[in-house]
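Reading through the structure tokens given below for one structure.
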Amino acid sequence: MRTINFAHGDFVVLGMYSAVLFNALLGWDPYLSLLLAMPIGFFAGIIVERFILSRVVDAPPESALLATLGISLIIGNAILLTFGGEPRSVQVSYASSTFSIAGVNVSMVLLLAGIATVIMIAALYALLNRTEVGRAIRGTAENRLGAELVGVDTRRIHSIVFGLGVMLAVMAGVTLIPLLFATPTNTGAVFTLKAFVVTVLGGLGNVGAAIAGGILLGVVEVLGASYFMSEYREAYGLIAFLLILLFRPEGLFGRTVKRV
Amino acid sequence: MTKHLLGLGALLAVGVVYPFVFPNALTIAISVLLFAGWATSWDLLGGWNGQVSLGHASFVGLGAYFVAIGQSQFGLAPWWTMALAAAFAAVLGYFWGQLTFSLRGPYFSLSTIAVAEVLRLIAINEEWLTGGATGVFIATLPEPFGVDLFSRTAQFYMALAFAAGVIATVIVISRARFGYQLRAVREDEDSAMAAGIDPTATKLKAFMLSAALTSAGGGIYGIVLAFIEPHVIFALLLSVQIALTAIIGGRGTIWGPAVGALVLVGAGEMFRTTFAEANMLIYGILILVVVLFVPRGIVGELARRHIRRLYAKRAQG
């Protein structure tokens with residue numbers, strides 16, 4: 001949808017803290033709280049889009065970026081005010097359990113997170129390619145005016161897409177909480193940067209390419225860290241990001257040639 | 001232009017007597033002045049030329065590191081290292097701009113974050129160069145004319161000179177040929193090109209000037225802090241703060257960034273007890289308000305209303 005969302009990482013962190021909250025109040029397992037956290041994330045995203053982002057659609061392109069930057073600061077610091085600055089996590093009994101598949105040790109939590117991701121990707125793929133809403137989303141992304149001409153309510157589509165984005169971010173946060181510690185302000189920025197790198201690497205506006213970009217980022221970082229200097233692990237992804245942005249802005253796997 | 005120069009004179013006059021009137025509120029005044037100077041430098045590129053950079057903390061860090069390392073390892077006085085830092089920042093700005101100015105709008109902003117993050121990682125990891133993650137400590141400073149540079153009063157006057165110098169530069173540029181070129185490129189690169197302006201060269205010059213001025217302020221910041229950590233000084237958050245200060249105050253206006261610095265640092269101080277470390281909340285709320293309701297920023301909106309009133313008066317005869 002061509003909105004650069006600076007708050008994406010903060011929605012991931014929001015998901016992490018929602019799992020912390022459900023665990024503290026109701027004693028729920030993080031994966032159980034997904035049932036509640038994901039719909040809440042979806043509607044929160046729709047509200048943010050309706051009241052803030054939809055107002056800056058026709059403003060200069062930086063406005064949306066600045067608005068999401070503001071949302072990011074508000075979320076991070078609001079969490080800081082409510083939960084305090086110390087890192088939080090949820091302890092689960094299976095956090096440290098691993099098992100080996102063909103000689104490779106896999107942590108239980110990572111496996112669950114991986115399974116959840118695969119399910120979500122499949123669901124997203126089905127939504128985009130097999131349903132009426134999905135067709136409307138793709139149409140709006142391709143040509144907003146054209147979609148409107150054939151009767152798509154593009155404002156509604158924009159809201160739904162942003163809601164879906166926030167829902168997925170929240171899901172990522174909840175599934176990762178047994179493994180990672182959440183801190184209010186730093187963690188969000190890290191996730192946001194990674195999300196930018198991944199989407200640009202793969203190609204904007206293409207779910208399959210984003211997945212490939214994600215895998216590629218992991219490979220680039222790990223290979224770079226093990227063959228060159230490991231301190232620069234994060235830098236390899238960023239350098240790849242810059243190179244792609246400069247020399248192949250449509251992404252490694254994108255087909256539409258669009259100068260950014 | 002006379003009006004702006006009078007304003008600058010007033011700022012200097014208030015500044016000169018300030019330490020005598022409020023000797024206990026110098027630290028906050030130093031932050032207001034430093035932020036005013038950085039935001040005004042940022043505005044040369046971000047406001048007058050329309051290229052929103054989210055990597056200006058790199059130049060602050062560069063200036064601070066030049067001063068700290070120059071002093072602690074080579075015994076170079078801060079004024080030399082500040083000049084060196086400004087020159088180096090301009091060169092860095094040149095290459096940085098060459099690399100990223102082919103990107104437009106938000107993509108340029110994203111690329112500045114990426115470059116700044118790589119520079120931050122270098123500052124943290126290249127221990128031989130920067131002292132690594134532990135940082136650098138300034139133990140001694142020369143005493144020009146018997147002035148102790150560690151005293152808050154001396155630092156206040158340095159910050160005042162920095163802010164006033166940057167604002168004076170912008171006042172001059174706003175009426176110079178270069179200033180009109182900057183605005184032409186901001187409004188429409190293609191039309192500017194048709195009018196015989198080289199957009200990339202203009203943007204490069206703006207970036208180099210903005211970088212040099214920012215790093216000079218960074219040098220003063222280094223002296224004020226006396227202890228420089230890469231995590232703090234190269235942080236994305238500082239870049240964001242500088243950019244938001246200018247945008248909230250009013251992009252592309254002479255006094256906007258300075259007013260933004262006064263409002264934001266002042267508000268941060270006022271809510272210090274309520275919000276504690278969460279003081280960036282104010283930036284978040286204000287930037288949303290500005291984006292949604294006053295896209296010109298505080299000073300830009302006031303100036304627009306003033307001009308409209310003038311026109312209304314003239315129309316009434």
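Quick notes on this one:
- Test: B:Ser72 is touching a residue at least 40 places away in the same chain (Cβ under 8 Å), within 14 Å of another protein chain (Cβ to nearest Cβ) and among the hydroxyl-bearing types (Ser, Thr, Tyr): no
- Candidate set: region A:45-77, residues that are within 19 Å of B:Gln51 (Cα to Cα) and among the hydroxyl-bearing types (Ser, Thr, Tyr); chosen: the one nearest to the chain's Cα centre (by Cα): A:Thr68
- Single unsatisfied condition, A:Leu180 versus (1) part of a helix (DSSP H, G or I); (2) closer than 16 Å to A:Leu14 by Cα: (1)
- Residue check for B:Ile223: more than 14 Å from chain A (Cβ to nearest Cβ), within 27 Å of B:Arg120 (Cβ to Cβ) and touching a Leu at 6+ places or on another chain (Cβ under 7 Å): yes
- Region A:66-88 - residue that is surrounded by fewer than 23 Cβ atoms within 10 Å (Cβ to Cβ) and facing chain B (nearest Cβ under 8 Å) and, of those, nearest to B:Phe293 (Cα to Cα): A:Ile71
- Test result for A:Asp29, in contact with a helix residue (DSSP H, G or I) (Cβ under 6 Å, 6 or more places away or on another chain) and of a type in the set (Asp, Glu): no
- Boolean, B:Gly63 is buried (at least 24 other Cβ atoms within 10 Å of the Cβ), over 13 Å from B:Ile167 (Cβ atoms) and under 14 Å from the mean Cα position of the chain (by Cα): yes
- Within the option set A:Met167, A:Met108, A:Met120, being surrounded by 13 or more Cβ atoms within 10 Å (Cβ to Cβ) and in contact with a strand residue (DSSP E or B) (Cβ under 8 Å, 6 or more places away or on another chain) holds for one residue only, A:Met108.
A quick yes/no check of all residues on (1) within 14 Å of chain A (Cβ to nearest Cβ); (2) farther than 29 Å from A:Leu193 by Cβ; (3) out of contact with any helix residue (DSSP H, G or I) (no Cβ under 8 Å at 6 or more places or on another chain); (4) not basic (Lys, Arg):
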position	(1), (2), (3), (4)
B:Ala87	no, yes, no, yes
B:Ala114	yes, no, no, yes
B:Ala133	yes, no, no, yes
B:Phe156	no, yes, no, yes
B:Ala161	no, yes, yes, yes
B:Ile173	no, yes, no, yes
B:Arg177	no, yes, yes, no
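- Residues of region B:276-317 classified as of a type in the set (A, V, I, L, M) and outside any helix (DSSP H, G or I), total: 1
- Close contacts from region B:106-117, counting a first residue that is closer than 10 Å to A:Leu65 by Cα and a second that is of a type in the set (Gly, Ala, Ser), with Cβ to Cβ under 8 Å and a gap of 6+ residues or different chains, come to B:Pro106/A:Ala64; B:Ser109/B:Ser53.
- Out of B:Ile282, B:Ile287, sole residue that is touching a residue at least 40 places away in the same chain (Cβ under 8 Å), closer than 21 Å to A:Leu80 by Cα and within 12 Å of another protein chain (Cβ to nearest Cβ): B:Ile287
- Here A:Ala78 clears all of (1) modelled with pLDDT of 85 or more; (2) hydrophobic (A, V, I, L, M, F, W, C); (3) touching a helix residue (DSSP H, G or I) at 6+ places or on another chain (Cβ under 6 Å) except the condition numbered (3).
- So B:Ala206, is it touching a residue at least 12 places away in the same chain (Cβ under 8 Å), aliphatic (A, V, I, L, M) and closer than 21 Å to B:Leu11 by Cα: no
- Selection count where residues are of a type in the set (Gly, Ala, Ser) and not in a helix (DSSP H, G or I), scope region A:128-153: 1
- Which numbered condition A:Pro60 fails, given (1) surrounded by 13 or more Cβ atoms within 10 Å (Cβ to Cβ); (2) modelled with pLDDT under 85; (3) away from chain B (no Cβ under 14 Å); (4) within 27 Å of B:Leu292 (Cα to Cα): (3)
- In region A:221-236, the residues that are more than 14 Å from every other protein chain (Cβ to nearest Cβ) and at pLDDT below 80: A:Val222, A:Ser226, A:Tyr227
- Scope region A:2-56; condition touching a strand residue (DSSP E or B) at 6+ places or on another chain (Cβ under 7 Å), of a type in the set (Val, Ile, Thr) and either buried (at least 22 other Cβ atoms within 10 Å of the Cβ) or under 16 Å from A:Gly165 (Cα atoms) (or both); matching residues: A:Val13
The values are calculated or read from the model by the stated rules, or taken from the named source; none is laboratory data. Quick caveat, the model's predicted, so the values are computed rather than measured. Neighbour counts run over all protein chains shown; Cβ positions are idealised from the backbone, glycine included.
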